[in-house]
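The values are calculated or read from the model by the stated rules, or taken from the named source; none is laboratory data. Owing to the predicted nature of the structure, the values given are computational and were not obtained by experimental measurement. For neighbour counting, all protein chains shown are included, and Cβ atoms are generated from backbone atoms with ideal geometry for every residue, glycine included.
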Amino acid sequence: MTDELATIVAGLSAPQKIISPKYFYDETGSQLFDEITALPEYYLTDTELDIMKQHIDEMADLIGIEASLIEFGAGSSMKTRLLLEHLHSPAVYVPVDISEEHLLASQQRTKKDFPDIEVLLVVADFTHEFDLPDPATTPRRNIVYFPGSTIGNFEHDEAIDLLRVMYHEAGSDGALLIGVDLQKDPAVIDAAYNDSAGVTARFNLNMLDHLNREFGADFDVDAFRHRAAYRPDEGRVVLELVSAREQVVSIGGRQIPFARDETIITEYSHKYTLEGFAAMAEVAGFRVDRAWVDPAQWFSVQYCVRDR
Ligand SMILES: C[S@@+](CC[C@H](N)C(=O)[O-])C[C@H]1O[C@@H](n2cnc3c(N)ncnc32)[C@H](O)[C@@H]1O
C-alpha cells in the first residue's frame with residue numbers, strides 16, 4: 001500500500017471518519033469548483049473580487065516591480081488575472097496546484113492572455129516545501145498569493161504549518177497576499193455551502209468517485225448524501241458525506257464498515273476574525289500589514305510581511 005493510500009485508509013478507520021479535501025480535486029472536481037464560484041449563494045468569490053478591484057492599485061504598489069507571483073492552489077487563476085493585469089512588470093507567475101490536468105489546461109489560457117509574462121507551472125502538494133522554478137528574469141521579491149480562503153480548509157495547527165511553508169517560499173523580503181473569509185451571520189454561510197442547484201453536493205460526492213477511480217475503492221456514491229453546516233461555536237463549516245444505510249466499503253484491501261447516518265468529514269472551512277487570523281499568521285512569522293474588507297465585513301484580503 002502506498003503512503004498516500006495508507007493515510008486515506010487510516011482516515012476512514014478513525015472513530016470519526018475523515019478524508020483530506022485535496023481529494024476533491026480531480027479534473028471533474030476542479031470543474032465543479034469553478035461552477036461553485038459562479039453560484040449566487042457562494043458570496044466568497046464575488047466579495048473577494050470586489051475587494052481586489054477596489055484596492056488593486058494599492059496592492060500592486062505594495063508588491064512593487066519585477067516580483068515573482070507564486071499562487072498556492074491556483075485552480076483556474078480567475079482572481080489572479082486582475083493582479084497580472086495590474087502588477088508592475090511581474091518577473092514570473094508560478095501557479096502551483098495538485099490537480100495536474102486542470103492546471104495544464106487552465107494555464108494555457110493564462111499564457112495566451114498574458115504573452116509578456118513568463119508562466120512556470122508547478123504540480124505539487126503545497127503543504128510541503130517545493131522547489132521554485134528558475135525564471136528568465138530574476139525576481140526582486142517573491143509574493144505568495146493564496147486567494148479563495150483555502151487557508152480555512154486547514155485546522156489551526158495545519159494552517160500554521162502551511163503559513164510556514166509560505167513563509168519559506170516567500171523568502172527574505174517576500175510577502176503573502178491572502179484571501180480570508182470572516183465570521184458572519186450563519187444563515188449566509190450555510191446557504192453558500194448548500195446551494196439550491198446542488199453543485200456543492202455533486203462536488204462533495206465526486207470525492208468518492210475520485211477515490212474509486214484513483215485508489216480502487218468501491219464506494220456506492222448513491223448510498224451517500226451531502227451535508228454542510230456552519231458551527232458558530234467552532235467558527236467553521238463542516239462538510240460531510242452521510243452514509244444513507246449500513247454498508248461496507250472496500251479500499252486498499254481493507255473493509256470499512258459504515259453505520260446508517262455515519263459520516264465522513266470531507267472538509268472544514270474555517271471562518272476567522274481579523275484578530276484571530278493575525279494571531280495565527282504571527283505564529284508563522286508574518287505580520288498583517290494591510291487588511292482590506294468589503295463594506296459588510298464578510299471577507300478580507302490581507303497583505304502580510306515577514307516579521308523576522
Ligand atoms: C478552493 S480552490 C481555490 C481555487 C482558486 N485559487 C480560487 O481562489 O478560486 C483550491 C485549489 O487548491 C488546490 N489544492 C487543494 N489542496 C492542495 C494541495 N494540498 N496542494 C496543491 N494544491 C491544492 C485545488 O486543486 C484547487 O485548485
Do you know which residues across the stretch 75-93 are at pLDDT 95 or above and either more than 17 Å from GLY148 (Cα to Cα) or small (Gly, Ala, Ser) (or both)? GLU85, HIS86, LEU87, HIS88, SER89, PRO90, ALA91, VAL92, TYR93
Unmet criterion (only one of (1) small (Gly, Ala, Ser); (2) within 12 Å of the ligand (Cβ to nearest atom); (3) closer than 17 Å to ASP173 by Cα) for SER76: (3)
Could you list, in sequence order, all residues of the stretch 65-90 that are farther than 19 Å from ASP134 by Cα, in contact with a strand residue (DSSP E or B) (Cβ under 7 Å, 6 or more places away or on another chain) and either in a loop (DSSP other than H, G, I, E, B) or among the acidic types (Asp, Glu) (or both)? GLY73, GLY75, SER77, LEU87
Members of the stretch 11-62 found to be away from the ligand (no atom under 11 Å from the Cβ), of a type in the set (D, E, K, R) and part of a helix (DSSP H, G or I), listed by number: GLU35, ASP46, ASP50, LYS53, ASP57, GLU58, ASP61
Count of the stretch 194-214 residues which are surrounded by 23 or more Cβ atoms within 10 Å (Cβ to Cβ) and more than 29 Å from GLY252 (Cβ to Cβ): 0
Output the residue which, of all residues in the stretch 28-44 that are more than 17 Å from SER196 (Cβ to Cβ) and among the hydroxyl-bearing types (Ser, Thr, Tyr), is surrounded by the most Cβ atoms within 10 Å (Cβ to Cβ). SER30
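Out of ARG202, ARG109, ARG164, I need the residue that is in contact with a strand residue (DSSP E or B) (Cβ under 9 Å, 6 or more places away or on another chain) and basic (Lys, Arg). Which one? Even if it seems obvious, please write down each step before you answer.
Values: ARG109 fails: in contact with a strand residue (DSSP E or B) (Cβ under 9 Å, 6 or more places away or on another chain); ARG164 fails: in contact with a strand residue (DSSP E or B) (Cβ under 9 Å, 6 or more places away or on another chain).
Exactly one of ARG202, ARG109, ARG164 is in contact with a strand residue (DSSP E or B) (Cβ under 9 Å, 6 or more places away or on another chain) and basic (Lys, Arg), namely ARG202.
Given the condition touching a residue at least 12 places away in the same chain (Cβ under 8 Å), assigned to a helix (DSSP H, G or I) and farther than 26 Å from PRO21 by Cβ, answer yes or no: does some residue in the stretch 113-126 qualify?
Yes, that holds for at least one residue.
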Would you mind finding the one in GLU85, GLU71 that is away from the ligand (no atom under 15 Å from the Cβ) and among the acidic types (Asp, Glu)? GLU85
Which residues, taken from the stretch 134-191, are away from the ligand (no atom under 16 Å from the Cβ), within 24 Å of ILE19 (Cβ to Cβ) and of a type in the set (Gly, Ala, Ser)? none
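Before we move on, is LEU103 over 30 Å from THR263 (Cβ atoms), surrounded by 16 or more Cβ atoms within 10 Å (Cβ to Cβ) and at pLDDT below 95? First the steps, then the outcome.
Numbers: over 30 Å from THR263 (Cβ atoms): yes; surrounded by 16 or more Cβ atoms within 10 Å (Cβ to Cβ): yes; at pLDDT below 95: yes.
Taking the combined requirement at face value, the residue satisfies it.
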What's the number of the condition ILE98 fails, among (1) touching a Cys at 6+ places or on another chain (Cβ under 9 Å); (2) within 16 Å of the ligand (Cβ to nearest atom)? (1)
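Looking for whichever is in contact (Cβ under 8 Å) with a residue 24 or more places away in the chain and among the acidic types (Asp, Glu) here; the options are ASP34, ASP46. Which one fits? Full working, then the answer.
Details: ASP46 fails: in contact (Cβ under 8 Å) with a residue 24 or more places away in the chain.
Just one listed residue meets the conditions, ASP34.
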Output for Cβ contacts, cut-off 7 Å, separation at least six or different chains, first residue under 18 Å from ASP131 (Cβ atoms) and hydrophobic (A, V, I, L, M, F, W, C) in the stretch 94-109, second within 9 Å of the ligand (Cβ to nearest atom) and in a helix (DSSP H, G or I), reads ILE98/LYS22
Since GLN255 meets every condition but one in (1) surrounded by 15 or more Cβ atoms within 10 Å (Cβ to Cβ); (2) not in a loop (DSSP other than H, G, I, E, B), which condition does it not meet? (1)
Exactly one condition in (1) away from the ligand (no atom under 11 Å from the Cβ); (2) crowded, with 21+ Cβ neighbours inside 10 Å; (3) part of a helix (DSSP H, G or I) is not met by TYR93; state its number. (3)
For the stretch 113-132, how many residues meet the condition of being more than 10 Å from PHE72 (Cα to Cα), surrounded by 15 or more Cβ atoms within 10 Å (Cβ to Cβ) and within 16 Å of the ligand (Cβ to nearest atom)? 5
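Considering only the stretch 133-149, state which residues are crowded, with 20+ Cβ neighbours inside 10 Å and either part of a strand (DSSP E or B) or under 15 Å from the mean Cα position of the chain (by Cα) (or both). Quick ask: steps written out before the conclusion?
Initially, the stretch 133-149 is screened for residues crowded, with 20+ Cβ neighbours inside 10 Å, giving 139, 142-149.
Across the stretch 133-149, the qualifying residues are ASN142, ILE143, VAL144, TYR145, PHE146, PRO147, GLY148, SER149.
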